[in-house]
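Single-structure report; data block below.
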Amino acid sequence: MVHRRSLSHKLLGTVLLSVVLAGLVLCSVQILLCYRDHARDIDANAALLLDTVQEPARRAVYELNRISATEVVEGLMTSEHVLYAELRLDDQSILASGSQVTPPPTKNRLPQTGFFGEARRYSRALPAPQSDGRPQGWLNITVSTEQEAAHFLDEALGTLALAGLSIALIGGFLFLAFRQMLTSPLKHVVQSLAAINPGEPNRHTIPHLPGHEEDELGLCVSTTNNLLRLMDENQRMRKQAEDHVSRLNHYDLLTNLPNRRYLQERLEIAMRNASRNHNLTALLYCNLDDFGIINEKYGYQFGDQLLIAVSKRLQHRFDAANLIARAGGDQFAILYEDIAAPYEAMTLAQIMLEFLAQPFLLAGKQVQLHGSIGIAIYPQDGRSPEQLVQNAEKAMLRAKTEGRSQYQYYDARSDASMRERKALENELRLALQRNQLSVVYQPLVELHSGRVIGAEALLRWNHPDRGLISPDRFIPIAESSQLIVPIGAWVLQTACEQARRWHEQGHELKIAVNLSAIQLKQQNLLTIISNVLHQTQLEARFLELEITETAILQEAETAIVLLERLRTLGVSLALDDFGTGYSSLSYLKRLPITKVKIDREFIQDLETDTNNTCIVQAIISLCRNMRLTVLAEGVEHTHIQEYLQHHGCHQAQGFYYSKPLDADAFLLHMQTRNESLGRTLGHVQERREIDQHG
C-alpha cells in the first residue's frame with residue numbers, strides 16, 4: 001500500500017486532478033455547445049412555423065378575414081411546440097388567437113424551465129401587398145421550450161456520465177500505470193535502501209529494475225549504486241587512514257614495534273588483569289650501551305639498521321604474549337604478564353642480555369652490543385603505567401652506572417641517589433658553559449734526574465654550591481651521558497694551549513691528556529686532535545694521549561687502527577692503569593704505544609706486598625725489553641721512588657712530588673724544583689772535581 005505522503009501518491013494525485021479538471025472543462029464546453037445548438041433549434045423551428053403560415057396570415061389580415069385568420073391560428077396550434085398564437089392588426093386589435101394547456105411535468109423528471117425559459121415569444125410583421133412595407137398586422141406565437149430543454153438535459157447528463165466514465169477509466173489506467181512503472185519500483189528502491197548497512201554500503205546494492213534500465217529510474221539506481229560504491233571506497237580509505245594514524249600513534253615507524261604510548265596503554269590493561277587475577281606484571285626496560293658511539297662511528301643509517309636488527313632478534317626470541325616495544329631512541333621495553341614471583345623476570349633479563357651480546361653483522365661490519373636492563377614489578381614498584389615506566393628506567397640507569405651489561409631491579413632506597421645523579425648530570429651540562437670546570441696539572445718526573453719533564457692534565461669541577469666535586473664522582477656521569485665528548489675536547493684544547501704557552505716561555509714540557517673509551521669510539525677523533533694541534537701550534541711530539549687497556553679492548557681491532565693513525569700524526573701514546581684490566585700481552589705487542597703507566601694500586605704497598613713487588617718488577621722488565629717508557633703512578637714516599645729508580649723505572653708521578661696544581665702554580669713548582677736540582681747537581685759535580693784534584 002502506498003503511503004499518502006509518498007512521492008508516487010503525490011504525483012498520481014496531481015495527474016488525476018489534472019485529468020478531472022481537464023475532463024470537467026471539456027465536458028463544460030461540450031454542454032455549452034449543446035445548449036447553443038438547442039437554443040438555435042428552438043429559434044429555427046419557430047421561424048419555420050412563421051414562414052409556413054406567413055402568407056395565409058398576411059392575406060387574412062389584409063382581407064380582415066376572421067375565418068382565415070382562425071384557420072391560420074388553428075394550424076399553428078396543431079404543433080405541440082406552440083402554446084399560443086395570434087393575428088393582431090396594426091391597431092393592436094386581435095383578429096384571431098388560440099392557445100393550448102401546458103402538460104404537467106413528468107414525475108421524477110428534472111425541471112427544464114430554467115434552461116431556455118418557460119416559453120419563447122416570436123413575432124412576424126405582415127405587410128400589405130404592394131405597400132411601402134409598413135406592417136398591416138402582426139403574427140405572434142409563443143413556443144414551448146420544454147421538449148428542447150429535455151433533450152438538452154438528456155444530452156448534458158449523457159455528456160457528464162461519459163466524462164465521469166472517461167475520467168474513471170483514465171484514472172484507473174493511470175493508477176495502474178503509476179503503480180507498475182513508478183510506485184512499485186520506487187518502493188523496491190526504498191526497501192533496498194533501507195536494507196543497506198551504513199558501515200558496509202557496498203555490500204547490499206540496489207538490484208536493477210527490469211524495464212527501467214534506460215529511463216530515469218534505471219539511471220537513479222545506477223547512480224545510487226555508484227554512490228554506494230564510492231561511499232564504501234571512501235569509508236575503506238578513511239578506515240585505512242584512521243588505521244594508519246592509529247599505527248603512527250601506537251607503533252614505531254622504524255622497527256614496527258609498539259611505541260611508548262601503546263606500551264602505557266597495554267600496561268594499564270595488564271595492571272587491571274594483574275589486580276583481578278592477584279598476580280604480578282614485570283616491565284623490563286633495556287638501553288643499548290654505547291649506541292651513540294656506533295651512530296657517530298658508522299653513521300645514522302647504520303644505526304637505524306642496527307635498531308631494526310635488534311627488534312627482529314627480540315621478536316624472534318620472545319613469545320608473542322610478551323609485548324616488545326621501542327620506548328624511544330636506543331631503548332626497548334618488554335612487558336611480562338602473569339608472573340607469580342619477581343625472580344621470573346630475572347630469567348627473561350638474562351636471556352635478553354645474552355641475545356644482545358651476540359654479534360650483529362650488518363653491511364659487512366660486525367658490531368658487538370651490550371645492554372643495561374632495569375626491572376620494575378607491579379604493584380610494588382608502581383601503581384600507574386607512568387610510574388612503573390619511570391621506575392624501570394631508573395633501575396636501568398642504575399644498571400648502566402654500576403657497570404653496564406647487567407640488570408637491576410628497582411629499589412626505592414636507591415631512587416634518591418639516582419635523582420641526585422640525574423641532578424648532577426643536569427648541572428654538569430651547564431658547568432662547561434658557566435666556567436665551573438678547570439684543568440690542573442700534575443708533574444711528570446724523570447727518575448734518574450729528578451727533573452719535571454711534563455704534566456698530566458686533570459679535570460676539576462668547582463661547583464658554586466657543592467664545592468669541589470671529586471672526578472671519581474662526575475667523570476662516570478659524564479661518560480654515561482656522553483658529556484665526556486665535549487668536555488674531553490675542551491680539556492684537550494685547554495691543555496694544548498697551556499703547553500704552547502709554556503713552550504713560549506722556554507719550557508719544552510710534554511702534556512699528557514686522558515682519552516676515555518667514549519672518545520676513543522668517536523669517528524672524527526683523529527680530525528679533532530689534528531685540528532687542536534693546528535689551532536694551538538703545538539708540535540705533535542709534545543702531546544701524549546693516555547688510554548686505558550679496558551677502553552682499547554672493547555673494540556680492539558678498530559682501536560689499534562686508530563692508535564696507529566695517531567702515532568703517524570706524531571703524538572705519543574701511553575697505556576694507562578696497566579695491570580688493572582685484562583693485561584693482554586698479545587695486544588700489548590700490537591699496540592703502537594710509547595709508554596706504560598703502572599697503576600697506583602701496585603705502587604702504594606710496593607715494599608710490603610710481595611705480590612705487588614713481583615708484578616711491578618715484571619712490568620718494568622717487560623717494558624724495558626720492549627723499549628717502552630715506564631711510569632709509576634701514586635708515588636708518595638722517598639723509599640718508593642728509590643726502589644723504582646733502582647729497578648729501572650723511567651718516570652713517576654704522585655703526591656711525593658706534587659699534588660695537581662693550576663698552571664701558574666705548576667710553572668712555579670717546576671722552575672723551583674728544576675733550579676734546585678740544578679744547583680744540587682752543580683755542587684755534586686764541584687765536589688767530585690775537588691776530590692779528584694785533592
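The values are calculated or read from the model by the stated rules, or taken from the named source; none is laboratory data. In this text the structure is predicted, and so the values were computed from the model without any measurement. Here Cβ is always computed from backbone atoms with ideal geometry, including for glycine, and neighbour counts include all displayed protein chains. Keep in mind that these areas ignore ligands, DNA and RNA; they rest on the heavy atoms of the full protein, side chains included. Shrake-Rupley method; radii C 1.70, N 1.55, O 1.52, S 1.80 Å.
Applying a threshold of 6 Å to beta carbon distances and a minimum spacing of six or more residues, or different chains, the list of pairs starting in segment 222-242 at a residue that is of a type in the set (Ser, Thr, Tyr) and ending at one that is surrounded by 12 or more Cβ atoms within 10 Å (Cβ to Cβ) reads Thr224/Ile206.
Look at (1) closer than 20 Å to Leu12 by Cα; (2) open to solvent by less than 40 Å² (accessible area, probe 1.4 Å); (3) not in a loop (DSSP other than H, G, I, E, B); (4) not aliphatic (A, V, I, L, M) and you find that Phe175 fails only one, number (2).
Evaluate the following for Ile528: is it touching a Lys or Arg at 6+ places or on another chain (Cβ under 7 Å), surrounded by fewer than 19 Cβ atoms within 10 Å (Cβ to Cβ) and part of a helix (DSSP H, G or I)? Criteria not met by Ile528. Only one entry of Glu200, Glu213 meets the criterion of being open to solvent by 60 Å² or more (accessible area, probe 1.4 Å), modelled with pLDDT under 75 and out of contact with any helix residue (DSSP H, G or I) (no Cβ under 8 Å at 6 or more places or on another chain), and that entry is Glu213.
Read through the list (1) without any contact (Cβ under 8 Å) to a residue 60 or more places away in the chain; (2) assigned to a helix (DSSP H, G or I); (3) open to solvent by 40 Å² or more (accessible area, probe 1.4 Å), then give the number of the only condition that Pro476 fails. Only one criterion in (1) without any contact (Cβ under 8 Å) to a residue 60 or more places away in the chain; (2) assigned to a helix (DSSP H, G or I); (3) open to solvent by 40 Å² or more (accessible area, probe 1.4 Å) is unmet by Pro476, namely (1). The residue that is farthest from His650 (Cα to Cα), among those in segment 421-437 that are open to solvent by 50 Å² or more (accessible area, probe 1.4 Å) and of a type in the set (S, T, N, Q), is Asn426. Only one residue in Glu354, Glu344 is out of contact with any Phe, Trp or Tyr (no Cβ under 9 Å at 6 or more places or on another chain), over 30 Å from Gly654 (Cβ atoms) and acidic (Asp, Glu). Which one? So the residue among Glu354, Glu344 that is out of contact with any Phe, Trp or Tyr (no Cβ under 9 Å at 6 or more places or on another chain), over 30 Å from Gly654 (Cβ atoms) and acidic (Asp, Glu) is Glu354.
Of the strands (runs of 3 or more DSSP E) lying entirely inside segment 302-420, those containing at least 2 residues that are of a type outside the set (Val, Ile, Thr), touching a strand residue (DSSP E or B) at 6+ places or on another chain (Cβ under 9 Å) and open to solvent by 40 Å² or more (accessible area, probe 1.4 Å) span 331-339, 407-409.
Among the residues of segment 27-71, the ones that are among the β-branched types (Val, Ile, Thr) and touching a residue at least 60 places away in the same chain (Cβ under 8 Å) come to 4 in all.
Comparison of Leu165, Leu182 shows that the only residue that is closer than 24 Å to Lys10 by Cβ and assigned to a helix (DSSP H, G or I) is Leu182. Put simply, of Arg247, Arg260, Arg236 the only residue that is open to solvent by 40 Å² or more (accessible area, probe 1.4 Å), under 28 Å from the mean Cα position of the chain (by Cα), under 30 Å from Ala195 (Cβ atoms) and not aliphatic (A, V, I, L, M) is Arg236. For Leu388, the stated conditions hold: it is touching a residue at least 60 places away in the same chain (Cβ under 8 Å) and not acidic (Asp, Glu).
Within segment 673-681, is there a residue that is at pLDDT below 95 and farther than 27 Å from Glu504 by Cβ? Yes, segment 673-681 contains a residue that is at pLDDT below 95 and farther than 27 Å from Glu504 by Cβ. The residue that is modelled with the lowest pLDDT, among those in segment 36-88 that are outside any helix (DSSP H, G or I) and open to solvent by 60 Å² or more (accessible area, probe 1.4 Å), is Glu80. Can you find a residue that is in a helix (DSSP H, G or I), among the aromatic types (Phe, Trp, Tyr), out of contact with any Leu (no Cβ under 6 Å at 6 or more places or on another chain) and touching a residue at least 12 places away in the same chain (Cβ under 8 Å) anywhere in segment 651-659? Scanning segment 651-659 turns up no residue that is in a helix (DSSP H, G or I), among the aromatic types (Phe, Trp, Tyr), out of contact with any Leu (no Cβ under 6 Å at 6 or more places or on another chain) and touching a residue at least 12 places away in the same chain (Cβ under 8 Å). Tell me yes or no: at least one residue of segment 200-214 is without any contact (Cβ under 8 Å) to a residue 40 or more places away in the chain, β-branched (Val, Ile, Thr) and in contact with a Lys or Arg (Cβ under 8 Å, 6 or more places away or on another chain). Yes. Checked against the criterion of being open to solvent by 40 Å² or more (accessible area, probe 1.4 Å) and of a type in the set (Val, Ile, Thr), the candidates Val190, Val221 yield just one match: Val190.
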